[in-house]
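Bear in mind these aren't lab numbers, they're just calculated from the coordinates by the rules spelled out. What you see is a predicted model; the values in this text were computed from it and never measured. Cβ placement follows ideal geometry from the backbone for every residue including glycine, while neighbour counts extend to all protein chains displayed.
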């Protein structure tokens, strides 16, 4: 098990030093090294757990390190965080085992001189009662839910204090996994049976062609996935696309399509009839759409490398999806690194969102439909962008608008607005 912890520590170090995304680093590790399911789950739990609780863990450690966490080498402090996470939040790991393995890891590293320090800090943790601040002030919320104060303030301004606290509580829970059934090949009832044959239990969840996974592992490695019977898509995204309602034989534009989940869902809703032009600014990401469409048996998607802020000759479309780049605050439960990102570039990001939406107008037919969506809960990126667009495009009307909250909708945090353009 110490070797497994060593791999987890190396992932945490890479994330910290390179400012990398945990899911990408983990995927690279699992592609390079072959682990059994139990070991892979343990590594994933350690990595995500430490990132998810980073501020909380550092608050506790700072009570036992005179010089403070920031003065320690990255590897040493990540090792302490990892051990403390096991002690505080992993009931099945004995505390003495977490301490012993942490000391062993440091002894076998270039920081072996700090093994006594590691042992002393963790033994002191075990000897003392640990308590977290219980107040409702921003500092206490930040420590308790391990989230940067700046992000908390944005949430309070956008969804209110009560919903912010509920959202932060929910962000520390395991997110549900939803599937979009590929209706070109099967249906929900048969999909449930097929998955059960692979020891994966799925249930219907109130939306046609959507299933939620109740138990089972290696969903992506299942034969049902390889056979193109489903793709992963959160229930909020699936619901939002039902508002846009792309139809068979329509011409549809997906302005920021990669990795392609929403594109695939639209193609299936359209019964693989018509045309979808799927754009992305990065050509390397377009291959994800091409390979996914091939697996699912979809042939109406045409990929195009394109900057959606700039106009290019693509003709006119009946419906357009603008799922724009955003701060991602709504999905911190899945990508906890987002909780610690500074929002310094938010003004530039908002301008990009406005540019994409303005440019999309030039592609939309009269009487066409336009959907704007984000995976953030920041009202500056959501309602304010839509208001700005409507103020400057009097030939549009807002026909639906919805914010999805994980604590209420059992989904990712998500925003969508559907606009209709006036006919000629």
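Largest GNM mean-square fluctuation among 95, 131, 287, using the chain with Cα springs under 10 Å: 131.
Between residue 387 and residue 220, 0.36 nm times their residue separation minus their Cα-Cα distance comes to what?
56.2 nm
Taking the C-alpha atoms only, the angle from helix 235-244 to the longest principal axis of the chain is near 20 degrees. Put simply, the Cα atoms of the stretch 235-421 extend 40, 39, 31 Å along their principal axes, the longest span coming first.
For the chain, the 222 nm mean residue ellipticity estimated from helices alone, with every DSSP H stretch of n ≥ 4 adding -39500 (n - 2.57) and the total spread over all residues, rounds to -14500 deg cm²/dmol. In percent, rounded to a whole number, the relative contact order of the stretch 235-421 is 22, using alpha-carbon pairs under 8 Å and six or more apart.
For the chain, a Gaussian network of Cα nodes joined below 10 Å ranks 209, 189, 280 by mean-square fluctuation, and the top entry is 189.
What shape does the stretch 124-193 have by the C-alpha gyration tensor, where a ≥ b ≥ c are the square roots of the eigenvalues, rounded means a/c under 1.5, and otherwise prolate means a/b greater than b/c and oblate the rest?
The shape class here is oblate.
Between the helical axis of 95-107 and the dominant principal axis of the chain, each derived from Cα atoms, what acute angle in degrees is found, rounded to the nearest 10? Helix 95-107 sits roughly 90 degrees off the main axis of the chain.
Across the chain, the mean sequence separation of Cα contacts (distance under 8 Å, 6 or more residues apart), normalised by length, yields a relative contact order of 12 percent. Within the stretch 292-320, find all residues whose amide N lies under 13 Å from a label point positioned 7 Å from the Cα of residue 358 along Cα-to-beta-carbon. It comes to 309-311, nothing else.
For Rg and Dmax of the Cα atoms in Å, the candidate list reads [x] 21.5, 62; [y] 23.4, 77; [z] 22.9, 68; the entry that matches the value derived from this model is [y]. Averaging Cα coordinates gives a centre for the stretch 161-235 and one for the stretch 98-119; these two points are 41 Å apart. Over the Cα atoms of the stretch 134-280, the radius of gyration divided by the Kirkwood radius equals 1.08; this is the Rg/Rh ratio. Remark: relative contact order (the stretch 139-236) = 26 percent; criterion is Cα-Cα distance under 8 angstrom and separation of 6 or more residues. Compare 275, 169, 197 in a GNM of the chain, Cα atoms joined below 10 Å, and give the one with the largest fluctuation. For the chain, modelled as a Gaussian network with Cα springs under 10 Å, the answer is 197.
Distance distribution note for the stretch 178-232: the fraction of Cα pairs above 15 angstrom is 33%. Helix 37-52 and the long axis of the chain differ in direction by around 90°, with both axes built from C-alpha atoms. A simple spin-label model places pseudo-atoms 7 Å from Cα toward Cβ; at residue 162 and residue 100 they are separated by 5.0 nm. Cα centroids of the stretch 37-78 and the stretch 309-346: how far apart, whole angstrom? Distance between centres, Cα-based: 29 Å.
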